[in-house]
1. Restricting to bridges with both residues inside chain B, how much of the DSSP beta-bridge set is antiparallel, in percent to the nearest 5?
2. In the stretch A:114-151, which chymotrypsin sites (Phe, Trp or Tyr not before Pro) are in a loop and have at most 16 other Cβ atoms within 10 Å, using DSSP for the loop call?
3. Report the far tail of the P(r) of chain B, meaning the percent of Cα-Cα pairs longer than 32 Å.
4. GNM on chain B, C-alpha springs below 10 Å: top fluctuator among B:Arg145, B:Arg135, B:Arg113?
5. Looking at the stretch B:62-134, I'd like the Rg to Rh ratio, where Rg is from alpha-carbon atoms and Rh is Kirkwood's inverse mean 1/r.
6. How do B:Asp19, B:Asp180 rank when sorted from fewest to most other Cβ atoms within 10 Å of their own Cβ?
7. Using a basic spin-label model with each label point 7 Å from the Cα along Cα→Cβ, how many nm lie between B:Ala169 and B:Asp122?
8. Rounded to two decimals, what is Rg over Rh for the stretch A:44-118 when you use alpha-carbon atoms and the Kirkwood radius?
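A short reminder: the numbers here are calculations on the coordinates, not readings from a lab. For clarity, every value in this text was computed on a predicted model and none was experimentally measured. Here the Cβ positions follow ideal geometry from the backbone for every residue, glycine too, while neighbour counts run over all protein chains shown.
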Amino acid sequence: MIAAILVEWWKMKRSLVTLTATALMVILLPAMGLGFFSVAQQGGTGAVADKARAMLVGEGWAGYLGAVDQIAAAAMFVGAGVVVAWMFGREHADRTFAALFALPVPRATVATAKFIVLSGWAIVLSALVAIVTTGLGLVVDVGPFAIATQGPGIVRLFGIALSTTGLALTIGWVASVGRGYLPAIGAVVLILGAAQVSVLFGTGGWFPFAVPGLLAVTGSDGIPPVNAMQIALVPLTAGLGILATVQWWRHAEVV
Amino acid sequence: MGRPGLPPVAAQELVRWFDGDRAVDGLDLDVQAGEIHAVVGLNGAGKTTLMRLLLGMLRPDAGRACVLGYDATDMPPEGWTHVGHLIETPFAYPELTVHENIAAAGLLHGLDRSRLSDAIDDAVDRFGLERWRHRRARHLSLGNRQRLGLASALMHEPSVLILDEPANALDPAGVVFIRDLLLARKEQGTAILVSSHHLDELARVADRITVMHRGGRVGMLDPSGSELEKRFFALVFEADLAQEQAR
């Protein structure tokens, strides 16, 4: 297993896709959150200002962190989904899949190693998003800061980022079964759309991919709180996605 | 290494269907230790499918595909430490350097990490890749990617070697290099199954040449004989004629 993890780590750290997606998420998400927060605070008129105000779930740090939460719940699914799609789909697109047969390291181990490396990356990425968001808020002084007051909000951002990237691991199954990136990228878009629709129909809490987004707006008017069972569906879905992917790798043929 | 009773590579009444067509049709074939067995055939003859079956990349619909005495699909993982292969695309991740690709291949082939550094140096040297050692594989020429793939397939000194068109994209010096490489491995007792379209080249190295057509074996060519190309086409033509008459 260690051999497979090392190899997957080398591939991931050299990947332009991963580096670009990571940098974009770490830098753009806090910046976009701050942008929406600033527009809302300025009290202007127009569609953007109205939308920005509608996004805010509070004043000061609560509003700023809430804005980043909401953007992270959607954008990180896309960003992480692209990385996961690359991680699994590239073996088919680059035609390296056959080279992973007839090795003492079974394919199921290779797939598991990919998930282990991706999970580590997801944790670091989520932590970086939370840290950079906090740092940016401090630099521009979005409001009075106290760790006791803002700590839970920062932890919530980390949790939303982690659950969103965790759900994106399921894209590995689509990239494997679809044998390439494109079906997986299509699935990212479809799932994101389905999550929006499920929220509109009021059933989003039971659609695991909508749960991080709902957690991000908890406290807003008219949004029912997400219950523990609905939250539990998130790791369950990610886990099922991982299991299904590993099983596919165990039995797949080269076609 | 391996179980007694079967040669290092053995296909027995092997069958594999694809969409209603028999890609491999009841094939029997073996490769002994210290032997180079070549398979030749037109495109779509079933050579690559045969090799994929022997490497567990495909499951047979009937018959057996055995390596080192085990059915390829039931081979214990450590058994594959004795097998090297290059099927169609070389083991060459474009974002990794030549050094990193060979290291990755070594790890995945079960090389101990304490031996890895020496094994990489040796492979880089033997396969003439020193100049490109720190170049990413995406920037290599096709020929050098093929050399990298061969280095990755051979760095762990396998006792069974399965190579599909190993001279693909290689320049004349590369073709000679492959020839010498195969003969050297043969001397060391490696069982080698190789496919190629270059009949003359195969005749220089192969102990036996099997002609495949429409998934089956339609005859053998004597590597020491003359006019291989003419005899190859005669075998293919006879097979087509026999099939027409059978309809």
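1. Within chain B, antiparallel bridges account for around 55 percent of the total.
2. Those that pass, being in a loop and sparsely packed, are A:Phe145.
3. Summing the P(r) tail past 32 Å for chain B gives 21 percent.
4. Of B:Arg145, B:Arg135, B:Arg113, the most mobile in the Gaussian network model is B:Arg113.
5. Looking at the stretch B:62-134, the ratio lands at 1.05.
6. Neighbour counts put them in this order, fewest first: B:Asp19, B:Asp180.
7. Result for the modelled spin labels: 2.6 nm.
8. Expressed as Rg/Rh, it is 1.31.
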